[in-house]
Amino acid sequence: MGSDTTAITEFMTAKGHEQVVFVTDPPSGLRAIIAVHSTALGPSLGGIRFWRYPSEHDAVLDVLRLSEAMSLKASAAGLHQGGGKAVVLWDDPDAARSEALLRAMGRAIDELGGRYIAAEDVGATPRDMQVIASETPWVTGIEGPGGSGDPSPMTAYGVVKAMETVLEELDGHPTLAGKRVVVDGVGHVGSHLTRLVADAGARVAVADVNPERVDVLVREIGADALPVEGALEEVCDVLAPCALGGVLNKETIPRLQCRAVCGAANNQLADPTDDDALAARGIVYTPDFVVNAGGIINLAEEFVGYDRERARARTAQIAGTLRRVFTLAREEGVPPGRAAEQMARRRIVEEGAGRRWKPGDPAAWTNGAPLRTLRPA
Ligand code: NAD
C-alpha cells in the first residue's frame, strides 16, 4: 500500500473493507483510526489498540489488517458478528490518557451507532475502557453488571478444547493426561492455560521473559521452567505459543520438535506459506484465529445478556470447528491455516450475502439464525 489515500481505498477494495474513519479531537490531542472490515454477518467487533506507530501509514495498515483478521475470527467462530478494530496513535506508552481524549474516542465510536463495537486491546487499560464506555454503549468486556470482564480464562479454556481436538486427530483420543505441553508466554492466557492443562494430567513446561511469572507456576503446580531461547525447540506433544505473533517462521520451523502447535497468540505464522512448511515437517498447525476465539465468543455473549455457562458451552464448540477445519484441509489438500481461512471467508460470502449492518438493524440476520436485539443505545 502506498501512502496516498487512493492506495488506501484500493487496499480496502482488495480486502473487502467497508469503512475507515479517521478521528481527531484537537483540544485533547486524540488521533485515531477506526476500521470496519465487514458487517455482513452482524455489527463489527474488535479491540482498541493504543500504540506508538513509526508512521501514520503503518497505523492505517495495522488497523486494516487487524480488522480483517477479526472478521475471519468471528466468522470461523460462527458468531453473528463482523470484524472491526481501532487504533489510537499514542506516542508515549507510559503516559496516562486524559479523560477528555478518552471521552472524544467514546463519542467517535458512538457516532457509528453500533457498526463498530469496541473492546480492550494492547495498550488499553480497564480504566480507559470505563471512560470510553461513559460516552457510548458500544463497548464490550467492561467489568461490572452485564459485562463479561477479563476474557483470558475463556480464551485459555478454548485453547484446551482445541488441544484435545488436535490430540484426537493425532492419536485417535483427545486425552491430555501424560502428554508433554510447552506453554511459551505465561501472561493472562498462558498462566490460565498452564493450570488447566496441568489439571487435565499433562506434564507442562513454561517459559516467559518475565521470570516471576514462571516461578509462580513452578511453585504452584510443579511446572518445569524453560529458558526463553530454547522453549520453541523443546521436545513435546503440543507447543502452545501464548506470547507474541510471528513465532512460526523460516528460522524457527526447522527447529521445532513438537507434534502440534496449538496456542493463543495472534498471527503466529510470520508468513502464510509457513503453514506449508509446518505441514511438510509433519507438524499439525491449529489455526490461531480458530483456537483463540474464546475471548471474542465471551464478548459476543454480552449482547444476549451475559451468561458464563453459555459462553463456556459456545467456547467448547471450538472443538467442532477445528474438526471441520481438519476435514476441509484433507478434502482440499491444503494446510489447516488455509482451510480455516477458506471456511471463514465462505461463510461471510454465503451467509452474509453482501449485506451491511446499519444502526437499528437486528444483531443477527434472519436467514435461519435466531434474531437477536442489541442492547439499546
Ligand atoms: P499478556 O501480555 O498477558 O501475556 C504475554 C506474556 O508473554 C507475558 O507474560 C510476557 O512477559 C510474555 N512474553 C513476551 N515476550 C516473550 C517472549 N519472547 N518469549 C516468552 N514470553 C514472552 O497477553 P495475553 O492476554 O496472555 O495474550 C497472549 C497472546 O494471546 C497475545 O498474542 C494475544 O494477542 C493473544 N490473545 C489473547 C486473548 C485474551 O483473551 N487475552 C484472546 C485472543 C488472543
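Take the Cα gyration tensor of the chain, multiply each eigenvalue by 5, square-root it, and list the three semi-axes largest first, rounded to whole angstrom.
With the √(5λ) rule applied to the chain, the semi-axes are 33, 23, 21 Å.
Counting only protein heavy atoms and a 1.4 Å probe, tell me what percentage of the stretch 144-194's accessible area is made up of carbon and sulfur.
That share works out to 55 percent.
Over all alpha-carbon pairs in the stretch 227-334, figure out the percentage whose distance exceeds 22 Å.
It works out to 38 percent of all Cα pairs.
Accessible area per residue for the chain in Å², computed with a 1.4 Å probe and the full protein assembly in place, what is it? Please report the intermediate quantities before stating the final value.
On the way: 15920 Å² over 377 residues.
Result: 42 Å² of accessible area for each residue.
Compute the acute angle (0 to 90°) between the alpha-carbon long axis of helix 99-111 and the principal axis of greatest extent of the alpha-carbon atoms of the chain; round to the nearest 10°.
80 degrees
Counting only the backbone N, which residues of the stretch 188-208 are under 14 Å from the spot 7 Å out from the Cα of residue 177 toward its beta-carbon?
Inside the label zone: 198-203.
So what's the gap between the Cα centers of the stretch 151-175 and the stretch 189-205, to the nearest angstrom?
Comparing the Cα centres of the stretch 151-175 and the stretch 189-205, I get a distance of 11 Å.
My understanding is that a pair violates if its Cα-Cα distance is over 31 Å; which of 73/250; 85/161; 15/179 do that in this structure?
Numbers: 73/250 25 Å; 85/161 27 Å; 15/179 40 Å.
With Cα atoms farther than 31 Å apart: 15/179.
Quick check for me: using +1 on Lys/Arg Cβ and -1 on Asp/Glu Cβ, what's the dipole size of the stretch 65-171 about its Cα centre, in debye to the nearest 20?
Value, rounded to 20: 400 debye.
List the trypsin sites (Lys or Arg not before Pro) within the stretch 184-274 that fall in a DSSP loop (any state other than H, G, I, E or B) and whose Cβ has at most 14 other Cβ atoms within 10 Å.
Filter output for the stretch 184-274: 250.
I'd like the Kirkwood hydrodynamic radius of the stretch 37-124, using the inverse of the mean 1/r over distinct C-alpha pairs, in Å.
13.4 Å
In whole Å, how far is the Cα centre of the stretch 307-346 from that of the stretch 30-91?
22 Å
Need the full-extension length gain, residue 350 to residue 96, defined as separation in residues times 0.36 nm minus the C-alpha distance. One decimal, nm.
Values: separation 254, 0.36 × 254 = 91.44 nm, distance 4.42 nm.
Residue separation times 0.36 nm, minus the Cα-Cα distance, leaves 87.0 nm.
Against the longest alpha carbon principal axis of the chain, how many degrees, from 0 to 90 and to the nearest 10, is the axis of helix 5-15 turned?
With both axes taken from Cα atoms, the answer is about 50 degrees.
Note the direction-averaged projected area, equal to a quarter of the hull surface, for the Cα convex hull of the stretch 1-83, in nm².
5.8 nm²
Would you kindly derive the ³J(HN,Hα) couplings of the stretch 249-262 from the backbone phi angles with the Karplus curve 6.51 cos²θ - 1.76 cosθ + 1.60 (θ = phi - 60°), listing them in order in whole Hz, with x for Gly and Pro?
8, 4, 7, 7, 4, x, 9, 5, 10, 9, 8, 8, 10, 7
Kindly express, to the nearest 10 degrees and within the range 0 to 90, the angle between helix 211-221's C-alpha long axis and the longest C-alpha principal axis of the chain.
Helix 211-221 sits roughly 60 degrees off the main axis of the chain.
The values are calculated or read from the model by the stated rules, or taken from the named source; none is laboratory data. In this text the structure is predicted, and so the values were computed from the model without any measurement. Glycine gets a Cβ as well: all are built from the backbone with ideal geometry, and neighbour counts include every protein chain shown. We work out accessible area using only protein heavy atoms, side chains counted, and drop any ligands, DNA or RNA first. Shrake-Rupley method; radii C 1.70, N 1.55, O 1.52, S 1.80 Å.
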